[in-house]
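Below is one structure, written out as structure tokens; the observations come after it.
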Amino acid sequence: MTRSKRMQPVANVVHNRQQNAARVMGERQRALDDQQQRLQELNNYRDEYARRFEDGGESMAGINMRDYRLFLSRLNEAIEEQARRVEQARAALEQSRGQWTATRVHSDAVNKVVERMQADERRDEDRREQKENDEFGQRPRGNSQD
């Protein structure tokens with residue numbers, strides 16, 4: 001078995017690791033997108049509530065005003081918590097991007113080694129065939145003038 005064929009299982013394992021790292025990175029990108037969307041929804045919800053307050057705030061009774069402000073305060077806390085989740089998701093994505101990059105570099109290096117081995121093997125095979133052809137060409141030929 002040639003060296004390149006012996007190396008192929010290693011190349012397959014490295015390729016699978018790269019594919020898994022790419023899959024994880026995609027999942028983390030989707031998670032970040034989801035977290036950002038939730039944050040945007042919360043911000044939109046708060047903005048809508050603030051507009052309602054501005055539009056009808058003067059007519060609100062004291063108790064309703066207090067409840068309204070308490071609600072907005074809790075909504076702002078939820079927004080802050082969601083912003084932290086977005087940052088955590090972003091950090092997880094960056095970590096997975098680094099892992100994917102490392103596996104891609106490793107996979108590329110292993111593939112180059114396999115390609116070099118295959119090129120060496122082809123060159124060796126070509127030389128062997130050339131040597132056989134040269135030897136065949138130098139053999140004395142019998143005269144068949146009988």
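Nearest 10 degrees is fine. How inclined is helix 62-138 to the longest principal axis of the chain, computing both from alpha carbons? For 62-138 against the chain, the angle is about 0 degrees. To the nearest 0.05, what FRET efficiency results for Glu41 and Tyr68 with a Förster distance of 22 Å applied to their C-beta separation? Working from the Cβ atoms, E equals 0.65.
Arranged from highest to lowest average of other beta-carbon atoms within 10 Å per residue, in what order do the peptides 9-22, 115-128 appear? Each step should come with its number before you reach the end.
Details: 9-22: 14.8, 115-128: 12.0.
So the peptides 9-22, 115-128, ranked by packing, come out 9-22, 115-128.
Run the accessible area of the chain with a 1.4 Å probe and give the carbon-and-sulfur part as a rounded percent. After summing per-atom areas, the C and S share lands at 47 percent.
Binning the alpha carbon pair distances of the chain at 5 angstrom intervals from zero yields the distribution 2, 8, 9, 9, 8, 7, 7, 6, 6, 5, 5, 5, 4, 4, 3, 3, 2, 2, 2, 1, 1, 1, 1, 0, 0, 0, expressed in whole percent. Accessible surface area normalised per residue over the range 51-138 is 76 Å², counting heavy atoms of protein chains with a 1.4 Å rolling probe.
The values are calculated or read from the model by the stated rules, or taken from the named source; none is laboratory data. Remember, predicted model here, so these are calculated numbers, not experimental data. Don't worry about glycine lacking a Cβ; one is built from the backbone with ideal geometry, like all the others, and counts go over all protein chains shown. We work out accessible area using only protein heavy atoms, side chains counted, and drop any ligands, DNA or RNA first. Shrake-Rupley method; radii C 1.70, N 1.55, O 1.52, S 1.80 Å.
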